[in-house]
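Bear in mind that the values in this text are calculations on the coordinates, not laboratory data. The structure presented is a predicted model; accordingly, all values stated were derived computationally and were not measured. Note that each Cβ is placed from the backbone with ideal geometry, even for glycine, and that neighbours are counted across all protein chains shown.
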Amino acid sequence: MGKPFSQELKKLESTYTWAISTPIDNIDNIKNYLSQKPLFVVGSGGSLSACVLFSMLQQFNGSIATAITPLDLQYLKNAITHNSFVAFISASGKNTDILIAFDSIIKREPQHILSICLKKNSRLSKISGKYTIANTIDLDNPAGKDGFLATNSLLAYYTIISRLYSNADHIKSIVPSSNYLQELSSFTNTLNENFTLVVLYGGWGKPVAVDLESKFSEAGLGNVLLTDYRNFGHGRHNWFDKKPKQSAIVALISPDEIELAEKTLELLPSSIPVLKISSLYKNSNASIDLLVKSFYLVEELGRLKKIDPGRPGVPEYGSKLYHLKYSRLYPSSKINLPEKVSLAISRKIGNIDLPSIQRKELMLWENAYQRFTKKINNTLFKGLILDYDGTICSDMDRFTGPTRVVTEHLTAFLKAGLLIGVTTGRGKSVRNDLQLKIPKKYWNQFIVGYYNGSQIGTLADNDLPIVTNEPLELLTQINKYLLSEPTINSFIKSEIRPGQLTVVIIDKKNAGIIKNNILDSLTNCFPFQIQVLESSHSVDIIPITTSKVSIIQACHSFLDDADNNYNFLCIGDNGKWPGNDYQLLANEYSLSVDKVSLDPNTCWNLSSVGNRCVQTIVEYFEAINLENAFFRIKL
């Protein structure tokens, strides 16, 4: 079983060259997710070290992150909320633990799930592809499957993960120098037969220390104790006093802890053998450099122990342990509600641990759900009023317009005599995209509200939106203010239109802070004059009198429905304030494809588990039953 470890090491240089340059689909979107969310990184065995590096990079960029095993996940599920980001790392994407972990977490619906696999079309990537909230970096490592220990896959992971944080400078030579290899040989020749290595590390050496412990244990090479340089000073040094002849030190040293490492080692008995594994690189590049050098330590000690780390031999019980299925031992907490109901309530209250809620409160939400679904299912609707970006048009399709599946449904509804309204924070680009997708004979049946409802007309009206008019004086003042504010102006790009000021956050890493700064500053400086609304890609600033809700009245007027007898179903993606759909989805007949408000009477998300945005709007569309130029929806 496995491959010769020495053969694995010969592939490292080509693996690094591939990993530093191979294209990664949707890398910009993934970076955006990482910049905003607390992160849980899940992996087992050799992959756990990569999880540690991933979490450190997230922490280094100012966010909360932790590396956990699949079993840890079973105990931490309640900590993972709708706002969390979860990443899975698995080279093969098929081991029992990672698949059980994914199945457990998809039911919790975190904000996003990322799986990184080094084998295309793995079970994990296929399962992940079923859900909108999940994304996969699905690559074929040219080095092929690792031997018994993670080597080329781990180097690839370190490099790819560093690239997600724009933190991977090209390392000139990944192969250790001859001087290092000589020092390595001298060190191993001094070791006691029953040696124990104390691995000292700081900062970017931590992931490598975790991997050393894993490799020595998995291949049966020897004992390894891990500690950072300062925790070592809190009593762990006493190991040397009690077991001096069996002990040796491996010191992982990056530029950040050179002086601390030297001062620490100077205080220790000179009789203790020491191997310094050093890197001149900074940040996660130091981790990559130290990792490769540590592989050669593993190889050398394999020779000493007459064990090939790439194929050490696995006992029968080891294989059984690896494939042990244990999901039934950690069942989900039970509540006396159908899964569809509990999922909708969980989205509504933002607390996925429903069993912890008092039964009385849960009953109130269950009753609210039943009232809402009964009302939605029993109402006859004349038309649909839809948000655009994030609802009928995904971020990936932003520059090409809604997909064929979406436009086929819209066309079928128009053909049946329904009225369709679309409201958006954008302008002419939406009209152009929709005119390409919707048959011209239905354009007069299609109402569009541009710039969050400040201009409304039919899709046939090529004079809208008007962009030649002078922008409102209020919006001009706000734009001047934002461009003069030092804590804001260098992080944004603004575009002023007749009825709206759109602000795009350039600094994605600090997007949350900048958005809050804009919201607070403008609320204080221009009180009761404007609304500051968030969309998936920007902040829209509009007068207090402008609203997406205006399109509802425009649709009534279009139908000469002065008494508002007709009902319209409103659907958007961002119904929670300050989301740009919160007013539209405050309508009594409204559904969300993503974020919901806390209002129990409206703005519910009733989609299947793991679905969001365009996948959800298609699900809603498929639940529509047409009835003589009207429709009902059955959810």
- Item | Relative contact order %, the chain, counting alpha carbon pairs below 8 Å whose residues are six or more apart | 12 percent
- Query: Does the stretch 271-348 come out rounded, prolate or oblate, given a ≥ b ≥ c as the square roots of the eigenvalues of its C-alpha gyration tensor, rounded meaning a/c under 1.5 and, failing that, prolate meaning a/b above b/c?
  - Reply: oblate
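Assuming a ≥ b ≥ c are the square roots of the Cα gyration tensor eigenvalues, decide whether the stretch 178-316 counts as rounded (a/c under 1.5), prolate (otherwise, with a/b larger than b/c) or oblate.
Oblate is the answer for the stretch 178-316, as a/c is 1.5 or above yet b/c matches or exceeds a/b.
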- Note on the structure: Filtered hits (lysines, Cα-Cα < 16 Å from residue 242, offset >= 8 within chain) -> none
- Contour minus Cα-Cα distance for residue 256 and residue 323 (0.36 nm per residue): 20.0 nm
- Query: Which residue, chosen from 274, 22, 453, occupies the Cα position most advanced towards the positive end of the dipole of the chain, where the dipole is computed from +1 (Lys, Arg) and -1 (Asp, Glu) charges on Cβ about the Cα centre?
  - Reply: 274
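Compute, for the stretch 178-316, the length of the dipole vector about the Cα centre, with Cβ point charges of +1 (Lys, Arg) and -1 (Asp, Glu) only. Units Debye, rounded to 20.
240 debye
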- Note on the structure: Checked the chain with the C-alpha gyration tensor, a ≥ b ≥ c its square-rooted eigenvalues, rounded below a/c of 1.5, otherwise prolate if a/b is larger than b/c and oblate if not; verdict prolate
- Task: Round to the nearest 0.05 the FRET efficiency obtained for residue 563 and residue 528 when R0 = 30 Å and r is the Cβ-Cβ distance.
- Result: 0.40
- Message: Net charge within 12 Å of residue 286 by Cβ-Cβ distance, Lys/Arg positive one each and Asp/Glu negative one each, not counting residue 286 itself?
- Response: -1
- For the residue 432, residue 178 Cβ pair and Förster radius 60 Å, calculated FRET efficiency rounded to 0.05 is 0.45
- For n ≥ 4 DSSP H runs only, could you compute -39500 (n - 2.57) per run for the chain, divide by its residues and tell me the 222 nm figure to the nearest 500? -11500 deg cm²/dmol
- Note on the structure: Expected sort for 216, 54, 240, 60 with the fewest Cβ neighbours (10 Å cutoff) up front is 60, 240, 216, 54
- Item | Magnitude of the charge dipole, the stretch 5-173, Cβ model with Lys/Arg +1 and Asp/Glu -1, debye to 20 | 240 debye
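Expressed in nm to one decimal, what extension gain is obtained for the pair residue 81 and residue 60 from 0.36 nm per residue of sequence separation less their Cα-Cα distance?
Additional length available on full extension: 5.4 nm.
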- Task: Give me the distance in nm between label points sitting 7 Å out from Cα along the Cα-to-Cβ direction at residue 622 and residue 303, one decimal.
- Result: 6.0 nm
- Arrange 607, 92 by Cβ neighbour counts within 10 Å, fewest through most, would you? 92, 607
- Can you find, among 141, 384, 57, the residue farthest towards the positive end of the dipole of the chain? Put +1 on the C-beta of Lys and Arg, -1 on that of Asp and Glu. 141
- Note on the structure: Residue by residue through the stretch 214-223, the couplings from Karplus 6.51 cos²θ - 1.76 cosθ + 1.60 with θ = phi - 60°, in Hz, x for Gly and Pro, are 4, 5, 5, 6, 5, 8, x, 7, x, 8
- Arranged from highest to lowest average of other beta-carbon atoms within 10 Å per residue, in what order do the peptides 146-155, 293-302, 380-389 appear? 146-155, 380-389, 293-302
- Environment charge of residue 463, counting only residues whose C-beta is closer than 12 Å and scoring Lys/Arg +1, Asp/Glu -1: +1
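Would you mind working out the magnitude of the charge dipole of the chain relative to its Cα centre, with +1 at each Lys and Arg C-beta and -1 at each Asp and Glu C-beta, to the nearest 20 Debye?
Details: 66 positive and 60 negative charges, 319 e Å.
Taking the Cα centre of the chain as origin, the dipole is about 1540 debye.
Find out how many positive minus negative residues lie around residue 602, taking Lys and Arg as positive, Asp and Glu as negative, among other residues whose Cβ is under 14 Å from that of residue 602.
Net of charged neighbours comes to +4.
Length gain on complete extension for the stretch residue 21 to residue 316, per 0.36 nm per residue less the alpha carbon to alpha carbon distance?
Extending this stretch completely gives an extra 102.2 nm.
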- Task: Can you put 538, 490 in order of Cβ neighbours within 10 angstrom, beginning with the fewest?
- Result: 490, 538
- Message: At R0 = 45 Å, how high is the FRET efficiency between residue 230 and residue 96 if r is their beta carbon distance? Nearest 0.05 is fine.
- Response: 0.75
- Task: Kindly list the residues of the stretch 326-344 that lie in the label zone of residue 359, defined by a backbone N under 13 Å from the point 7 Å along the Cα-to-C-beta vector.
- Result: 335-337
- Message: Longer than 22 Å from Cα to Cα, which of 340/634; 107/206; 215/263; 37/77; 119/293; 3/119 are they? Say none if no pair is.
- Response: 107/206; 215/263; 119/293
